[in-house]
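Take a look at the structure set out below.
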Amino acid sequence: MPEKGRYRGKTVGVFLGGESSERDVSLRTGAAAAAALRRLGYKVKEIDIRGDWLGSVHGAGVDVAFIALHGRFGEDGCIQGALELGRIPYTGSGVLASALSMSKVLSKRVAASAGVPVAQDALYEGEMLDGPPPPGMGYPFVVKPDREGSTVGVSIVRLKEEWGPAMAEARKFDVRILVEAYIPGREITVGILNGKVLPAIEIVPKSGSGFYDYKSKYTVGQTDYVIPVPMDRDILARAAEYTRKAAAALSLRGAARLDYRVDPAGNLFFLEANTIPGMTETSLLPKAAKFDGMPFDELVLEILNDAGLSK
């Protein structure tokens, strides 16, 4: 298959690991991508980014970068900027799109401007961090660090006494906290690959709370992933359309995944965009691609083929 690859004959650097709270997941994503690229016949270097990031990028000795870094510095535009400066083509979204999407607050604002529905929310920062819950927002609500992934630091607040501990947990990871109205119902995720919307997947955690937390995400058997989704076709069609609109508004490139809540009345609410989707054994983008007829190695090749620099 390498003869079909845009970067055939080139050395691919798989950038993985990093120093964020999602390091372990990134190592697994990177290992899976690197193994696929080797099966496809590519020369691969696995580069664990720690410490001197700029030195690691510019001294990597690679022709193209496959970014498998999750969280801070990997998904927020930082590594993308370093690769731009080094003129090394890279996979996924560019600097601006990555930075926008890393912020749950900003990505919601941009998506909403494109006509994509979002839940009521309030941003806490500075002196507000020690303040009371948002007035006019009834319980329950969700407290999230603005720029974290994998549900790190996220709490569902159902009672007044849970507010303080939830804020304290979120503040371990960010100085900007998003407080968002809890949308009862179901959760779906929709992948998009080089402009093509993939089939939706419903996420059904097995935990008693039904909360899709870190353990549910990355422990095999803790969550059911349902595809095709047993949901009204009109809802799924709207999810696909919202994904196109949000991806365009955020200037997403390559592979991305957008998450939604669906309330009992069938209303959709955009939650966030993931610009470096996981590629582990429990990850959602590979499941959607496989259901759509694309094996894992072909998915990795499609992601690599789209690598480039900002124009």
Would you calculate a helix-derived [θ] at 222 nm for the chain, using -39,500 (n - 2.57) for each DSSP H run of n ≥ 4 and dividing by the full residue count, to the nearest 500? -9500 deg cm²/dmol
For the residues Lys245, Lys196, what sequence is obtained by ranking on other C-beta atoms within 10 Å, fewest first? Lys196, Lys245
Here, Ala168 and Tyr182, labelled 7 Å along Cα→Cβ, have an inter-label distance in nm of 2.0
Shape call for the chain from the C-alpha gyration tensor, a ≥ b ≥ c root eigenvalues: rounded (a/c under 1.5), prolate (a/b greater than b/c) or oblate? prolate
Give the order of Ser103, Ser251, Ser93, Ser20 when sorted by the count of other beta carbons within 10 angstrom, beginning with the fewest. Ser251, Ser103, Ser20, Ser93
Shape of region 250-311 from its Cα gyration tensor (a ≥ b ≥ c, root eigenvalues): rounded if a/c is under 1.5, otherwise prolate when a/b > b/c, or oblate? oblate
In region 145-193, the trypsin sites (Lys or Arg not before Pro) that fall in loop regions by DSSP, at most 14 other Cβ within 10 Å: Arg158, Lys172
Test of understanding: ordering Ile227, Ile188 by Cβ neighbours within 10 Å, fewest first, what list do you get? Ile227, Ile188
With charges set only on the Cβ (+1 for Lys and Arg, -1 for Asp and Glu), what does the dipole of the chain come to about its Cα centre, in debye to the nearest 20? 800
I want to verify a result. In a Gaussian network model of the chain, Cα cutoff 10 Å, which of these has the top mean-square fluctuation: Leu16, Leu284, Leu40? Leu40
By the gyration tensor of its Cα atoms, with a ≥ b ≥ c the square roots of the eigenvalues, what is the shape of region 2-91: rounded for a/c under 1.5, prolate for a/b over b/c, or oblate? oblate
Along the Cα→Cβ direction, 7 angstrom out, place labels at Arg50 and Leu159. What is the inter-label distance in nm? 4.1
Among 76-83, 53-60, how do they line up from the highest to the lowest mean number of other beta-carbon atoms within 10 Å? 76-83, 53-60
With labels modelled as points extended 7 Å from the Cα through the Cβ direction, what inter-label distance (nm, one decimal) is found for Ala237 paired with Asp63? 4.5
Just going by the charge dipole of the chain, with Lys and Arg at +1 and Asp and Glu at -1 on Cβ, which of Met167, Gly30, Ile156 is farthest out on the positive end? Gly30
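Only the coordinates and a few stated rules stand behind these numbers; no lab work does. Computed from a predicted model, the values in this text were never measured in an experiment. Every residue, glycine as well, gets a Cβ built from its backbone with ideal geometry; the counts of neighbours run over all protein chains shown.
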